[in-house]
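Beneath this line is the structure, given in structure tokens, with notes to follow.
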Amino acid sequence: MEFAELIKTAKVENVQLSCSGLPPIKGTLCITSHHLLLSSQPGGNGEQGTVELWLLIRNVDAVEKRVANSLGTITLKCKDLKVLQLEIPGMEECLNIASSTEALSSVDSVMMMYPFFYRPQSMKLKDGWQLYPLQYYYEQIASETGAWRLSCANGDFTICSSYPPAVIVPATVDDNVLKKAARFRQGGRFPVLTYYHKKNGTVMLRSSQPLIGPNRKRCQEDEVLLSAALDGGGRGFIIDTRSAQAAKQARMMGGGTEPTSSYPRWKRLNRPLERGRPLQESFIKLVEACNDTSLSMDRWLSKLESSKWLAHVKGALSTACLAAQCMEREEACVLVHGAEGTDTTLLVTALAQVILDPDCRTLAGFQGLLQREWIEAGHPFHFRYAHSAYSHARLKQEAPIFLLFLDCVWQLGRQFPFSLQFSERLLLVLFEHTYASCYGTFLCNSEKERCLCKVKEKTHSLWAWLNQPSEWKKHLNPLYTYNALVIWPSVEPQSLQLWQGLFLRWIRSSQYLDEAWAEIQRLVTSCEDAPEESAGCTLCHSQPDAAYPLTITGTANEG
């Protein structure tokens, strides 16, 4: 396929761009294989126009068009929740631009996406891909205990297509046992270590559901593997992210959950978390409510409640706290799984680590957590984030599980403003790049697919960009100070708030918030410039965090 075949009109003059909170801009609209560009009209004296819009077409979630006489209006609803309006002179030009944008935004081939064409001069392709290897994480565990080993049995992805080549397993269990246990788990996702709690030596594991089936099948190797994880006389909890009824129904379809008779040292706890269509519909309802500025207070509160989004946040945080409590207070090991083990399972294991481990609350540690617990663990990013909240396409496998995780982390940051080294800005950047990015980090559904597409050889890593000194400083929390304690969030309804920085980002003015952050930045900078005078300054914990820009003006090197 040639991109040129999808572009019916490449350039239109005198197009007016409108966006909430900004004055209209008139200029020249150009459409390329991956971008919509709008340059404002040049001034006098031979001055060139300014690029006012640099929109990655992959970011477009829905295209709505309206034609009246010789003027057409296109509304672009973006995956990052931004809404743009283009007034285009000429009916044919309007229809062509709309058609071309829809076609280009729907290209589903991974290797035709922008990360495979993006080549910034300041970065090399190899940078960033090996910043957070599992080998390094394993060595940290090995320095504490010899009870675990790094297995490369899945090096060719034949045991489990959604697992990475290397996984951490009990040292007493050989690879043959792993292969047989994998046949007893949906998708081959046998139990692997996801977190080692240094304080008391307990571990958190994750897997998919066991294939018990209606005949209550057993697998000795799976039982041996989970027994070895308990290391002697310990006990464990299995946190199933499905309801007891759903787990029972799954058994009739060949799945199920671990029976107490076969796993006597493990106690099962069901904590149902929504995923799939219900979660996507909740996201859509919340965005619809946030965009309706005509609502009365009662109507707004009613719509917020009916979306159930904050209920999902509460459920995720509650289940993560349960997993953390089992390890920290009960001194017991934990196995987390749902059905496939690629969605709510990862949500719980990742959140629990942010709650328990101060290293996961640093900027570098959080990136490593995302690499290990979401990307390499096989969360299907390509399927889950094909569409956002505006798309008119029929829902397939979309579900904002990762967005729910980011929202929960934001809630933690709001309740513990000194304990996270990174700021809200990082969470917003991650949200954007999940849906549409110039980097290859969130492409594909698994490490196997990334290897087949040569993502690490042919695209740039988001981590390489974020770890550049200039970018690193922008994403730091100026209030941060190291906190070695477990951070137990309140999940009471009064304690959870709407994430305004994301859901109201393009609706309400950020002027006063920007001014507040600028003042914090000034105070922190003055503390750093005069350390001998800042002994009593409580803001001087880290580099300043710049306010997140809410304009639509972009630069070419940002893609």
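Being among the hydrophobic types (A, V, I, L, M, F, W, C), in a strand (DSSP E or B) and at pLDDT below 95 is the requirement here; does Val67 meet it? Break it down into steps so the answer makes sense when it comes.
On the way: among the hydrophobic types (A, V, I, L, M, F, W, C): yes; in a strand (DSSP E or B): yes; at pLDDT below 95: yes.
Yes, satisfied.
From Arg119, Arg185, Arg149, which residue is open to solvent by less than 20 Å² (accessible area, probe 1.4 Å) and basic (Lys, Arg)? Before the answer, list the steps.
On the way: Arg119 fails: open to solvent by less than 20 Å² (accessible area, probe 1.4 Å); Arg149 fails: open to solvent by less than 20 Å² (accessible area, probe 1.4 Å).
When all the criteria are applied, what remains is Arg185.
Just the residues that are assigned to a helix (DSSP H, G or I), of a type outside the set (Gly, Ala, Ser) and open to solvent by less than 50 Å² (accessible area, probe 1.4 Å), please, taken from the stretch 122-146.
If we filter the stretch 122-146 for residues that are assigned to a helix (DSSP H, G or I), which is where we start, we get 134-142.
Okay, now just the ones that are also of a type outside the set (Gly, Ala, Ser), so 134-141.
Across the stretch 122-146, the qualifying residues are Leu134, Tyr137, Tyr138, Ile141.
Restricting to helices (runs of 4 or more DSSP H) lying wholly in the stretch 285-367: which have 3 or more residues that are buried (at least 18 other Cβ atoms within 10 Å of the Cβ)? Step through it out loud before you land on a result.
Values: elements: 297-307, 309-328, 344-356.
Those helices (runs of 4 or more DSSP H) span 309-328, 344-356.
Whether any residue in the stretch 451-474 is part of a loop (DSSP other than H, G, I, E, B), exposed (fewer than 14 other Cβ atoms within 10 Å of the Cβ) and acidic (Asp, Glu) is what I want to check. Outline the logic, then answer.
To start, the set of residues in the stretch 451-474 that are part of a loop (DSSP other than H, G, I, E, B) comprises 453-454, 459-461, 467-468.
Checking which are exposed (fewer than 14 other Cβ atoms within 10 Å of the Cβ) leaves us with 454.
Filter once more, so that each one left must be acidic (Asp, Glu): none.
The answer is no, given that none of the residues of the stretch 451-474 is part of a loop (DSSP other than H, G, I, E, B), exposed (fewer than 14 other Cβ atoms within 10 Å of the Cβ) and acidic (Asp, Glu).
Just to be sure, is Thr75 surrounded by fewer than 21 Cβ atoms within 10 Å (Cβ to Cβ), under 27 Å from Phe402 (Cβ atoms) and out of contact with any helix residue (DSSP H, G or I) (no Cβ under 7 Å at 6 or more places or on another chain)?
On the way: surrounded by fewer than 21 Cβ atoms within 10 Å (Cβ to Cβ): yes; under 27 Å from Phe402 (Cβ atoms): yes; out of contact with any helix residue (DSSP H, G or I) (no Cβ under 7 Å at 6 or more places or on another chain): yes.
Answer is yes for this residue.
Of the conditions (1) open to solvent by 40 Å² or more (accessible area, probe 1.4 Å); (2) of a type in the set (Asp, Glu); (3) closer than 25 Å to Glu398 by Cβ; (4) touching a Ser or Thr at 6+ places or on another chain (Cβ under 9 Å), Glu92 satisfies every one except a single condition; which number is it?
The failed condition is (3).
With respect to Gly554, determine if the residue is open to solvent by less than 50 Å² (accessible area, probe 1.4 Å), modelled with pLDDT of 80 or more and among the small types (Gly, Ala, Ser).
Spelling it out, it is not the case that Gly554 is open to solvent by less than 50 Å² (accessible area, probe 1.4 Å), modelled with pLDDT of 80 or more and among the small types (Gly, Ala, Ser).
Which residues, taken from the stretch 10-29, are open to solvent by 20 Å² or more (accessible area, probe 1.4 Å) and either modelled with pLDDT of 95 or more or farther than 28 Å from Tyr385 by Cβ (or both)?
Quick first cut of the stretch 10-29, residues open to solvent by 20 Å² or more (accessible area, probe 1.4 Å) only: 10-11, 13-14, 16, 18, 20-26, 28.
Matches in the stretch 10-29: Ala10, Lys11, Glu13, Asn14, Gln16, Pro23, Pro24, Ile25, Lys26, Thr28.
Across the stretch 408-433, what is the number of residues that are modelled with pLDDT of 95 or more and among the small types (Gly, Ala, Ser)?
So the count comes out to 2.
Mind telling me which of the residues Glu424, Glu492 ends up being open to solvent by 50 Å² or more (accessible area, probe 1.4 Å), closer than 29 Å to Trp309 by Cβ and within 18 Å of the chain's Cα centre (by Cα)? Spell out how you get there, then give the answer.
Working: Glu492 fails: within 18 Å of the chain's Cα centre (by Cα).
Residue meeting the stated conditions: Glu424.
Just to check your reading of the model, which residue among Ala324, Ala364, Ala352 is within 17 Å of the chain's Cα centre (by Cα) and under 23 Å from Arg265 (Cβ atoms)? Reasoning before the result, please.
Numbers: Ala324 fails: within 17 Å of the chain's Cα centre (by Cα); Ala364 fails: under 23 Å from Arg265 (Cβ atoms).
Of the residues listed, the single one that is within 17 Å of the chain's Cα centre (by Cα) and under 23 Å from Arg265 (Cβ atoms) is Ala352.
What is the one condition in (1) assigned to a loop (DSSP other than H, G, I, E, B); (2) closer than 23 Å to Glu398 by Cβ; (3) of a type in the set (D, E, K, R) that Lys8 does not satisfy?
With respect to (1) assigned to a loop (DSSP other than H, G, I, E, B); (2) closer than 23 Å to Glu398 by Cβ; (3) of a type in the set (D, E, K, R), Lys8 is out only on (2).
Residues in the stretch 478-501 that are modelled with pLDDT under 95 and closer than 30 Å to Cys19 by Cβ: how many?
Summing the residues that are modelled with pLDDT under 95 and closer than 30 Å to Cys19 by Cβ in the stretch 478-501 gives 3.
Within the stretch 103-159, how many residues turn out to be over 26 Å from the mean Cα position of the chain (by Cα) and within 30 Å of Ile31 (Cα to Cα)?
Final tally of qualifying residues: 1.
Pairs only if they're at least six apart or on different chains, beta carbon under 7 angstrom, first in the stretch 175-202 and more than 26 Å from Ala352 (Cα to Cα), second of a type in the set (S, T, N, Q); list them, first residue then second.
Pairs that qualify, where the first residue is more than 26 Å from Ala352 (Cα to Cα) and the partner is of a type in the set (S, T, N, Q), are Asp175/Ser151.
Is it the case that Phe405 is at pLDDT 95 or above, outside the structural domain of Lys82 (by the TED database) and in a loop (DSSP other than H, G, I, E, B)?
Numbers: at pLDDT 95 or above: yes; outside the structural domain of Lys82 (by the TED database): yes; in a loop (DSSP other than H, G, I, E, B): no.
No.
Quickly run through the stretch 489-499 and pick out the residues that are in a helix (DSSP H, G or I) and either closer than 13 Å to Cys408 by Cα or not assigned by the TED database to the domain that holds Gly315 (or both). Let's see the steps before the verdict.
Kept after step one, since they are in a helix (DSSP H, G or I), are these residues of the stretch 489-499: 493-495.
Within the stretch 489-499, Ser495 is the sole residue that qualifies.
The values are calculated or read from the model by the stated rules, or taken from the named source; none is laboratory data. Since the structure is predicted, the reported quantities are computational estimates derived from the model, not experimental observations. Quick reminder, even Gly has a Cβ in these numbers, built from the backbone with ideal geometry, and neighbours come from all protein chains shown. When the accessible area is computed, the model is the full protein with side chains, heavy atoms only, and any ligands, DNA or RNA have been set aside. Shrake-Rupley method; radii C 1.70, N 1.55, O 1.52, S 1.80 Å.
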